[in-house]
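What follows is a single structure, written as structure tokens, with notes after it.
The values are calculated or read from the model by the stated rules, or taken from the named source; none is laboratory data. This one's a predicted model, so the numbers in the text were calculated from it and none came from an experiment. For neighbour counting, all protein chains shown are included, and Cβ atoms are generated from backbone atoms with ideal geometry for every residue, glycine included.
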């Protein structure tokens, strides 16, 4: 059990408790929200896809600016979970795109569900239950947006608002964890 806790602490320390990644994701969702509000859904879809590809490098940069390594120990066994999690996300993206092709209102709810599911694996990766809450908040928003057939701008705005809120919470939690 100590090995798992050590691996989680390594991930948490290296990635600033995941806060920079959630913040980078919030920025991608915000850019997609602005694009769908002031331009087109088509462009907003691509903004979220391209913004999503930039989340990891942006989060590493933010980590380093904040004094974290922006990485984990190479021997950390939890790295395999992070890699599997990333491949799962990539494999799900075509489903979101097909949902979009069927009905544009389904794209952002599908992405909320996918990203929410991805965050659930962050709970054991970081050893932080807050990721369960984040994952279910995004998935719940995705389910609700899909069931209510909310406009694309509302679906994208939900992702931006939830992720920004949790980024702030994670920054606060990390600061407290570092003090302890």
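Checking each residue in the stretch 134-180 for being free of Cβ contacts under 8 Å to residues at least 24 places away in the same chain, farther than 15 Å from residue 24 by Cα and under 17 Å from the mean Cα position of the chain (by Cα) picks out 135, 136. Of 54, 78, 66, 48, all but one fail to be at pLDDT below 95, surrounded by 13 or more Cβ atoms within 10 Å (Cβ to Cβ) and in contact with a helix residue (DSSP H, G or I) (Cβ under 8 Å, 6 or more places away or on another chain); the exception is 78.
Tally up the residues in the stretch 121-132 that are in a helix (DSSP H, G or I) and without any contact (Cβ under 8 Å) to a residue 24 or more places away in the chain, please.
2
Taken together, the residues in the stretch 28-45 that are buried (at least 20 other Cβ atoms within 10 Å of the Cβ) and within 15 Å of the chain's Cα centre (by Cα) amount to 3. Checking the stretch 107-120 against the condition returns no match, with no residue being within 12 Å of the chain's Cα centre (by Cα), surrounded by fewer than 23 Cβ atoms within 10 Å (Cβ to Cβ) and touching a residue at least 40 places away in the same chain (Cβ under 8 Å). The requirement of being assigned to a helix (DSSP H, G or I), surrounded by fewer than 18 Cβ atoms within 10 Å (Cβ to Cβ) and either at pLDDT 95 or above or at negative phi (or both) is satisfied by residue 136.
Please enumerate the residues belonging to the stretch 106-121 that are over 16 Å from residue 165 (Cβ atoms) and touching a helix residue (DSSP H, G or I) at 6+ places or on another chain (Cβ under 6 Å). Correct list: 106, 107, 108, 109, 110, 111, 113, 114, 118, 120, 121. Based on this model, can you work out whether residue 89 counts as at pLDDT 95 or above, in contact with a helix residue (DSSP H, G or I) (Cβ under 7 Å, 6 or more places away or on another chain), surrounded by 14 or more Cβ atoms within 10 Å (Cβ to Cβ) and under 23 Å from residue 142 (Cα atoms)? Criteria not met by residue 89. So residue 150 clears everything in (1) part of a helix (DSSP H, G or I); (2) farther than 18 Å from residue 89 by Cα except one condition, right? Which one? Unmet condition: (1). You will find that of 77, 64, the residue that is in contact (Cβ under 8 Å) with a residue 24 or more places away in the chain, more than 17 Å from the chain's Cα centre (by Cα) and either under 24 Å from residue 174 (Cβ atoms) or in a loop (DSSP other than H, G, I, E, B) (or both) is 77 and no other. Across the stretch 153-180, the qualifying residues are those that are out of contact with any helix residue (DSSP H, G or I) (no Cβ under 7 Å at 6 or more places or on another chain) and in a helix (DSSP H, G or I), and the one among them that is surrounded by the most Cβ atoms within 10 Å (Cβ to Cβ) is 161.
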